[in-house]
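Working notes, structure below.
Here, each number is a calculation from the coordinates, and none is a lab measurement. Keep in mind that this is a model prediction, so the values were computed, not measured. We place every Cβ from the backbone using ideal geometry, glycine too, and count neighbours over all the protein chains shown.
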Amino acid sequence: MNAVDPSVFLSPGYFVRAAVASWEKAGAARLRHRVFVEEQTLFPVHDRDAVDRDCTSLVALSTYAHEADEVVGTVRIHEPEPGLWWGSRLAVDSRFRHVGRLGRELIRLAVSTANGRGCHTFLAHVQAQNVEMFKHLHWQVEEEVVLHGMSHARMRADLSAYPPIADPAAGFLALARRVPPPAEIPW
Ligand SMILES: CC(C)(COP(=O)(O)OP(=O)(O)OC[C@H]1O[C@@H](n2cnc3c(N)ncnc32)[C@H](O)[C@@H]1OP(=O)(O)O)[C@@H](O)C(=O)NCCC(=O)NCCS
């Protein structure tokens, strides 16, 4: 019998795409709750707001036997006025941080999707501890602000670093970082 211990299994690949199926949207909502309400206590009860009524939700899905398995990352984008896009609620499940560059890939899909829809400006309020990561990903700080009692920076993406994507529902595959092989193989 083959058995996989789910506590040590690491998905080798991740689909990064627009959430279409209801289980993907529900998984994104649950992940946001875990991260922004339970882990960060940024919101006391729930993190839903008016933007959820008119946004595109993007997800990173772990895979099992090459099939989509679980929502392990999410971000949403919306366009409050023509050409102006915002990204928000970027979250990667704590078990999957730093394993597949999922934060980076979700940001890539977010900005490239907006770029493909006629974006001229893409902004996000970025938590202070993530500003360096966003700078590394071709964003620049416009202003420092306090939101929900926490330091943030309003940052702007360099659109030239994010070529347009026409079909975010197709998305792309992100591979897990290479894990070094065990030092000794006992046979
Ligand atoms: C922020 C977050 C989305 C990053 O997700 P992740 O999948 O671990 O990030 P990635 O692996 O894609 O990291 C991309 C790069 O940024 C680096 N990085 C990640 N987090 C960083 C941080 N806080 N500061 C500086 N660099 C960081 C990574 O090392 C990686 O660099 P590399 O490509 O040169 O190796 C995740 O930590 C998270 O969900 N945190 C809690 C919620 C949160 O803070 N949301 C964002 C609100 S603005």
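A few remarks follow.
- Dividing the helix sum by the residues of the chain, where each DSSP H run of 4 or more adds -39500 (n - 2.57), gives a mean residue ellipticity at 222 nm of -5000 deg cm²/dmol.
- Under-5 Å amide H pairs with Gly100, H placed in peptide plane, nonlocal only: Arg177
- Packing, taken as the mean count of other beta carbons within 10 Å per residue, orders the peptides 131-143, 102-114 from highest to lowest as 102-114, 131-143.
- Highest GNM mean-square fluctuation among Val99, Val16, Val126, for the chain modelled with Cα contacts below 10 Å: Val99.
- Under Karplus coefficients 6.51, -1.76 and 1.60, residue-wise ³J(HN,Hα) of region 51-63 in Hz, glycine/proline x: 4, 4, 6, 9, 9, 9, 9, 10, 9, 10, 10, 5, 10
- Cα gyration tensor shape of region 41-161, rounded if a/c is under 1.5, else prolate or oblate by comparing a/b with b/c: rounded
- Residues whose amide H comes within less than 5 Å of that of Gly73, counting only those at least five positions distant or on another chain, are Ala60, Asp93 (H built at 1.01 Å from N in the peptide plane).
- A simple packing score, the average count of other Cβ atoms within 10 Å per residue, orders the peptides 40-51, 72-83 as 72-83, 40-51, with the highest score first.
- Each residue of region 9-23 is assigned a 3J(HN,Hα), and the resulting list reads 5, 10, 4, x, x, 9, 7, 10, 7, 5, 6, 10, 5, 5, 5 Hz, derived from the Karplus form 6.51 cos²θ - 1.76 cosθ + 1.60 (θ = phi - 60°), x at Gly and Pro.
- Surrounding net charge for Leu137, when Lys and Arg each add one and Asp and Glu each subtract one, Cβ distance under 11 Å: +1
- Fully extending the segment from Leu175 to His125, taken as 0.36 nm per residue of separation minus the present Cα-Cα distance, adds 15.3 nm.
- The phi-based Karplus calculation (6.51 cos²θ - 1.76 cosθ + 1.60; θ = phi - 60°) puts the 3J(HN,Hα) values of region 119-124 at 5, 10, 9, 10, 10, 8 Hz, whole numbers, x for Gly and Pro.
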